[in-house]
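I have placed the structure first, in the form of structure tokens, so that the comments after it can refer back to it.
The values are calculated or read from the model by the stated rules, or taken from the named source; none is laboratory data. Computed from a predicted model, the values in this text were never measured in an experiment. A quick note on method: Cβ atoms are made from the backbone with ideal geometry, for glycine too, and the neighbour counts reach across all protein chains shown.
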Amino acid sequence: MQVTDIGNKEEGKVWHRKPAPGKGILVTVVRSAQQAKTVRFLHVTFDTTGDSFLAGDYHGNIYVFDISRNRFRLVQKTGQACTALAFNLRRTTEFLVALADYSIKCFDKDTKQLVSWMRGHEGAVSSISVHSSGRYAITTSSDTAQLWDLDSFQRKRKLNIRQSVGIQRVFFLPLSNTILSCFSDDSIFAWESDTLFCKYQLPVPESGPRIYYKAFAVTRDGKSLAAGGRSNLLHLWCLDSRQLVRVVQMPTQVRTVRQLEFLPDSFDGGASQTLGVLSQDGVMRFINIHTCKLLFHMGSHDDAITSATVSPNGRHVVAIMDNGSINVYSVQSLTQEYNKPPPPQVAVVSGGEADHDSSNLKVKVRSEIIQRSAKTSGRRMQTKVLRPPAGSAVEDKENELPAGLNKKRLVALLKAFGEYPAKYR
């Protein structure tokens, strides 16, 4: 595993030799400041290609890391810690950053210029969701969610709530104009983004323990929602039928779900089947939501993950670790063991007494043939002619004579006596 300390560099290589993934990790990125103190990274976000990502640290520095080109570059010094990051999907060089003073700024990563400055929140912005068209963005704090027009950078709508119920998260559903709002009382509402008309509400499950939703993830086709919270249970919702279709129980080590992320696949049509579940123990477990099988995991108790972001192409996962560093994981390396082809069903038996596999019938039969051949190799093998059994349909009808006399016996008598004996005439 390679460790890259970017220090005070403004650009450079992400790694200095070709990565050989150990435990799926391509590289670990740290930033050391003066007196060998480590500056923690706080948030990361991928661009639409999945080849590069932004990372913001505690000092307010924003870096762009290009995995495909093996380069990093300092693109902004905001002077204060960031609380959320997102790329502008329409103008790909622009990105949004929420800062500790509750404001949101838009910068251009190429020119490093400030594009716009948006204010209006009275608390720290915890998430930024950009519409798939790239025109709108939703910023969420604990008491309000605000809808912004990214062409004019003007606020279009403001969603206020009752003081007794806090907002957990508000975000756009993929491929639609629907906004999903999730509250601390486990209620989930869907709104029309233009009019803020309430389209539907998901029914709060009456049976079973309360989960206290905190983490959410939606598939790329916008049809399935996963939700988790202060429990080792996950709820899987079908947003078309608005029904709770499955409850998944995670292992007993999981007590709280901190984050959920679907892992995209090129061949699933957007209906992702693999879900990453980050729990309080710092381990992110990836499960199949249909078979409920644990596929692979990242992180450990000693090397805990704080948050993670999955690339849109599903090739990489970038995790912020508990020590403030960044780990870049290769999904292909993580799934290599899981995706290995099954072992061959017919094995070839090599010489030696130890090469016996009684569990494989074909191998066992082949081994017995080899053993018999070895036993008979030292002596002359007897050749035995197989005859058809009595009463067989394969009979020599031509050799049969009337009165039970066989033609072959008649020929033998004639040769012996020169004529047919008189006593038998």
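Things to note:
- For the range 95-108, the set of residues classified as touching a residue at least 24 places away in the same chain (Cβ under 8 Å) and either touching a helix residue (DSSP H, G or I) at 6+ places or on another chain (Cβ under 8 Å) or part of a strand (DSSP E or B) (or both) consists of F95, L96, V97, A98, L99, I104, K105, C106, F107, listed by residue number.
- Restricting L114, L150, L159, L173 to residues that are in contact (Cβ under 8 Å) with a residue 40 or more places away in the chain and either under 27 Å from C238 (Cβ atoms) or over 33 Å from the mean Cα position of the chain (by Cα) (or both) narrows the list to L173.
- The set of residues from the range 69-88 being without any contact (Cβ under 8 Å) to a residue 40 or more places away in the chain and out of contact with any strand residue (DSSP E or B) (no Cβ under 7 Å at 6 or more places or on another chain) comprises R69, G79.
- Scan of the range 296-325 for residues that are over 29 Å from G270 (Cα atoms) and charged (D, E, K, R), ordered by number: D302, D303, D322
- Residue under evaluation D66, criteria (1) modelled with pLDDT of 90 or more; (2) surrounded by 18 or more Cβ atoms within 10 Å (Cβ to Cβ), criterion not met: (2)
- Taking the listed residues K158, K105, K112, the one that is exposed (fewer than 14 other Cβ atoms within 10 Å of the Cβ), closer than 25 Å to I326 by Cβ and not aromatic (F, W, Y) is K112, with no other qualifying.
- Filtering the range 191-230 to residues that are over 19 Å from the mean Cα position of the chain (by Cα), at negative phi, in contact (Cβ under 8 Å) with a residue 12 or more places away in the chain and not in a strand (DSSP E or B) leaves S193, D194, P203, V204, P205, P209, R210, I211, R230.
- Within the range 1-94, strands (runs of 3 or more DSSP E) holding 2 or more residues that are over 28 Å from the mean Cα position of the chain (by Cα) and either among the charged types (D, E, K, R) or closer than 23 Å to D303 by Cα (or both): 71-77
- Any hit, the range 169-183, residues being part of a loop (DSSP other than H, G, I, E, B) and more than 17 Å from R135 (Cα to Cα): no
- Residue count for the range 256-289, restricted to those that are free of Cβ contacts under 8 Å to residues at least 60 places away in the same chain and under 10 Å from the mean Cα position of the chain (by Cα): 13
- Counting the residues of the range 290-306 that are touching a residue at least 40 places away in the same chain (Cβ under 8 Å), out of contact with any Asp or Glu (no Cβ under 9 Å at 6 or more places or on another chain) and closer than 16 Å to Q336 by Cα gives 3.
- The residue pairs whose first member lies in the range 232-254 and is farther than 15 Å from T291 by Cα, whose second member is outside any strand (DSSP E or B) and of a type in the set (K, R), and whose beta carbons are closer than 6 Å, counting only pairs six or more residues apart or on different chains, are L239/K223; D240/K223.
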